Amino acid sequence: MTELRINDERLKPIADKVLAGERLTLDDGIAMYRSPDLLALGWLANSVREKRHGDTCFFNVNRHINPTNICVAHCKLCAFGRDPNAPGAYNFALEEIYQRAEQGMREGATEFHMVGGLHPDLPFEYFLDLMRGLKKRCPSVHLKAFTMVEVGYFSRISKKSIREVLVALKESGVDSLPGGGAEIFHPRVRKIICDHKVSGQQWLNIARTAHEIGLRSNATMLYGHVETEEERVDHLLKLRELQDETHGFSAFIPLAFHPANTGLAHLPPTTGFHDLKSIAISRLLLDNFDHIKAYWVMLTPSIAQIALRFGADDLDGTVVEEKIYHDAGAKTAEFTPRAELERLIREAGRVPVERDTLYRPIDRSKMSPPPAPRPDVTISINL
Ligand code: V47
């Protein structure tokens, strides 16, 4: 390993702690966000990343499915949600969802990432039926479905406790939960960007309950809008604290805010500098998280690739159909084929390892071939 060069004196004691394997504090986190010394932060984060994972970089073959964009929440940060009669509002019929899923399964997906709007009329039972229907048709595919926000909403509309909702979801086929909806936990920020969502404390309580009943989840942080550096670090430390307690988080995904078509469209988008710093700082502060994801849809494949040398060990997946970021002006593709993910990883000097949702390596040569297409389904893409 080449020697670390620190240009910002304030980072020296932090570097000593990182190299000694000591835990960083709130003040350390704030100092890192305030430092312009991106290369020193990247070097440190990379050293932690290489200690954990060597040159391995994970990716998966997945498919996003967003069953509806109709949503009662009206979050300022969101360009995806619509009122029921607004232009562009949609609600897939169950059969449309099953077709997407079966197509994904034939194309080799090992995971469905399923999140959607908080629909005013669909009862909780509908979503349980949907999960059962998906498991019946695609039993081998991991169902990573419903954010803590959706779980909180299901609890409200079904009048069941959070635990009852989570148990019912698990029994109907949900295998784990994605990390969305966390945004920034601090109430000042939530009041501005997502006033009607579950509170930060509720998000954490729902994640805790999910972990307690054996459902793993991911965690996210939405940065680059109205939050302060202190509020970002506070968010990360709250996640670290919960992870100490449950060890139920698989991966952390820093999400860059995309302002186009949102109620915060006047804000500038994040920069590559800020994005790489966010990856590095999360790797350094979240010492009890195994994986930091560079989500290429949000970062662009170019920045995600560089992030593999700034602390990230995972590029996420093939995705196939992405609506939340593209409604907010993302210019990236909606789909990256496996060969392209592998190329990006290899070019960054890393070794691509296909994983399942729980980070177990996948050996395709030992998997049974996907079922033959149904005659009525014609779309096909080369994963
Ligand atoms: O929950 C919404 C965020 C999330 C915008 O768990 C926005 O593996 C930027 O959670 N600009 C959805 N972000 C994405 C997400 C995710 C993605 C990939 C992998 C995983 C995982 C989770 O995107 C939302 C919200 O936090 N979001 N609107 C926007 N305008």
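For the range 157-201, which trypsin sites (Lys or Arg not before Pro) are in a loop by DSSP, counting at most 14 other Cβ atoms within 10 Å?
Those that pass, being in a loop and sparsely packed, are K159.
Find the percent of Cα-Cα distances in the chain that exceed 33 Å, and round it to a whole number.
Percent of Cα pairs beyond 33 Å in the chain: 27.
Past the 18 angstrom mark, what percentage of all C-alpha to C-alpha distances in the range 180-286 do you count?
48
Relative to the longest principal Cα axis of the chain, at what angle does helix 38-53 sit, 0 to 90 degrees, rounded to 10?
The answer is roughly 60 degrees.
Give me the percent of DSSP beta bridges within the range 12-163 that run antiparallel, rounded to the nearest 5.
10
Note the angle between two axes, namely the Cα long axis of helix 272-285 and the longest principal axis of the Cα atoms of the chain, as a number of degrees from 0 to 90, rounded to the nearest 10.
Result, in degrees: 80.
I want the local charge near P13. Using Cβ-Cβ distances under 12 Å, sum +1 for each Lys or Arg and -1 for each Asp or Glu among the other residues.
-3
Just to confirm the number: angle between the C-alpha axis of helix 148-158 and the first principal axis of the chain, 0 to 90 degrees, nearest 10?
Long axis of 148-158 versus the principal axis of the chain: about 40 degrees.
What is the distance in Å between the Cα centroid of the range 40-82 and that of the range 237-298?
Each part reduced to its Cα centre gives a spacing of 7 Å.
If a cysteine in the chain has no other Cys Cβ under 4.7 Å from its own Cβ, put it on the list, ordered by number.
Cysteines of the chain left without a disulfide-compatible partner: C57, C71, C138.
Please check which bits of the range 24-41 a label hung off E229 would reach, taking the label as a point 7 Å along Cα-to-C-beta and the cut-off as backbone N under 11 Å.
What the label zone holds, given the 11 Å backbone N cut-off, is 27-37.
If I take R0 = 22 Å and measure r between the Cβ atoms of H274 and A89 in this structure, what FRET efficiency does the formula 1/(1 + (r/R0)^6) give, to the nearest 0.05?
0.10
Kindly work out what percent of the DSSP beta bridges joining two residues of the chain are antiparallel, to the nearest 5.
5
Bear in mind these aren't lab numbers, they're just calculated from the coordinates by the rules spelled out. Source: prediction; values computed, not measured. All Cβ positions, even for glycine, are placed from backbone atoms using ideal geometry, and neighbour counts span all protein chains on display.
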